[in-house]
Amino acid sequence: MTFDPLWRRLEPLRAGPLRRIDPSRPGAFTANLHDRRTVAFTGTALGVAVLICFATGLYSHALQQPPSWWDPPARPVSLYRWTQGLHVATGLATVPLLLAKLYTVYPRLFEWPPARDVPHALERLSILVLLSTLFLEIVTGLFNIAQWYVFPFGFLQTHWSLAWVAVGAMLLHLAVKAPLIVQAYSRAGEPVPNGPERAGMSRRAFVLTIGAAVATLTTVTIGQTVTPLRRLALLAPRDPAIGPQGLPVNRSAVEAAVVDLALDPAYTLLLRGPDGERRLSLADLRALPRHTATLPIACVEGWSAEGRWSGVRLADLTALVGAPAGARVSIVSLEPAGPYRTSEVGPDQAADPLTLLALDLNGAELDIDHGYPCRLIGPGRPGVLQTKWVAEVLAR
Ligand SMILES: Nc1nc2c(c(=O)[nH]1)N[C@H]1C(S)=C(S)[C@@H](COP(=O)(O)O)O[C@H]1N2
Ligand SMILES: [Mo]
């Protein structure tokens, strides 16, 4: 099926009253930057950013909802800090890259005829899907790093599902355009083909401008996780050095409604394992062998900061109730409700000597907003899994 008869009816209009403003007329776009090479180059930069963002996003998702066959690794200790820092940085970089890519191809939005036949129409439709999902990923991601949860839907599930649609549409787009991309790159040395007058910015200046835009955006945000650059992080919602004990707080004790429970002098920690249950008071906990670990809190929202934690090894606690090394552990908070009330610790992280039930942070007793009387802190874990105000440790 072809759509030609449909478009032919509009020909009188294009040849008549719309002749001067018809954006599909030859020579309507004279700028230098709509040629194949610039399109291919800008597309490649965007594609690379999207793929890094996608891969690091999948890793973050896997840590938070691990499939049954995968045991999340404890080492390298700061792996998640890096992957999530990259996720947010590449996600932000897609903003200027997507705008640049749209600029290089926008004359094609006015291509005539708009659709030649069914495959061509589907191809153009896939671009619409690609653009709208990328746009929604950027918007939901930005709202999340700004901690502005205004959506009526769950962020995690939406952001994750749309990512698959976006990457699927992108791969389809790449497959369809593969011949053009190969051509664009193989003719790299040739001058831009024709058009009447080529005007405006040169390709070199365009590429430098995009590079400068990405570099600027990265510089004013990356300091939320690369702490030496924190003073440059003008656009980052968090300063990783500001907060009680020199560390930001994500959700305070008041917000989590745990103040009374956390400060209760009758607090005990419940341990459960193969040998049954045991309760430890805060004094009991303090009397156990003490260990120190320097570990980051690396929040999914893209900020991270290191602390010096000291407390009891999780493996020592579970051993008290007969759990073998390699047991899985569930951590339950005093927090009465909320998505971060519980977290799971897989065998590798649970057995790691750096996984602690921390009592102290940076040389002083844990601030209530950091999880007093005790909080989990372990290597390789996203911030959301570093459960604060721990009430129960259950080993299986
Ligand atoms: N019980 C409980 N633990 C929690 C949270 C929470 O809301 N409730 N927030 C988590 C998140 S999202 C992060 S990033 C870290 C932040 O720890 P901090 O506030 O001590 O910096 O705590 C985690 N632990
Ligand atoms: Mo977080």
key: Residues satisfying the stated conditions in the range 359-390, i.e. among the hydroxyl-bearing types (Ser, Thr, Tyr) and near ligand 1 (Cβ under 8 Å from one of its atoms)   = 387
ask   = Does residue 334 satisfy the condition of being closer than 16 Å to residue 365 by Cα and touching a strand residue (DSSP E or B) at 6+ places or on another chain (Cβ under 8 Å)?
value = no
Leading residue by the ranking (farthest from ligand 2 (Cβ to nearest atom)) among those in the range 367-396 that are aliphatic (A, V, I, L, M) and assigned to a helix (DSSP H, G or I) = 368
Flag if residue 312 is more than 15 Å from ligand 1 (Cβ to nearest atom), closer than 30 Å to residue 59 by Cβ, surrounded by 19 or more Cβ atoms within 10 Å (Cβ to Cβ) and not polar (S, T, N, Q) = yes
ask   = Do we find a residue being under 17 Å from residue 138 (Cβ atoms), part of a helix (DSSP H, G or I) and without any contact (Cβ under 8 Å) to a residue 24 or more places away in the chain anywhere in the range 93-101?
value = yes
note = Selection over the range 354-380 where residues are out of contact with any His (no Cβ under 7 Å at 6 or more places or on another chain) and under 25 Å from residue 66 (Cβ atoms) yields a count of 12
message = Can you tell me which of (1) in a helix (DSSP H, G or I); (2) charged (D, E, K, R); (3) modelled with pLDDT of 95 or more; (4) touching a helix residue (DSSP H, G or I) at 6+ places or on another chain (Cβ under 6 Å) is the one residue 123 doesn't meet?
response = (3)
ask   = Which is modelled with pLDDT of 95 or more and small (Gly, Ala, Ser), of 338, 383, 302, 326?
value = 383
query = In the range 160-182, how many residues are surrounded by 14 or more Cβ atoms within 10 Å (Cβ to Cβ) and over 20 Å from residue 121 (Cβ atoms)?
reply = 6
request  = Please work out if residue 235 is part of a loop (DSSP other than H, G, I, E, B) and surrounded by fewer than 17 Cβ atoms within 10 Å (Cβ to Cβ).
outcome  = yes
note = Being in a helix (DSSP H, G or I), of a type in the set (Gly, Ala, Ser) and either touching a helix residue (DSSP H, G or I) at 6+ places or on another chain (Cβ under 9 Å) or surrounded by fewer than 16 Cβ atoms within 10 Å (Cβ to Cβ) (or both) narrows 74, 89 down to just 89
ask   = Which one of the conditions (1) in contact with a helix residue (DSSP H, G or I) (Cβ under 8 Å, 6 or more places away or on another chain); (2) in contact (Cβ under 8 Å) with a residue 40 or more places away in the chain does residue 326 fail to meet, given that it meets all the rest?
value = (2)
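Keeping to the range 22-57, report how many residues are over 13 Å from residue 104 (Cβ atoms), hydroxyl-bearing (Ser, Thr, Tyr) and either part of a helix (DSSP H, G or I) or touching a Leu at 6+ places or on another chain (Cβ under 8 Å) (or both).
Within the range 22-57, residues that are over 13 Å from residue 104 (Cβ atoms), hydroxyl-bearing (Ser, Thr, Tyr) and either part of a helix (DSSP H, G or I) or touching a Leu at 6+ places or on another chain (Cβ under 8 Å) (or both) number 1.
The values are calculated or read from the model by the stated rules, or taken from the named source; none is laboratory data. This is a predicted model, so every value here is computed, not measured. With ideal geometry, Cβ positions are generated from the backbone for all residues, glycine too; neighbour counts draw on all protein chains shown.
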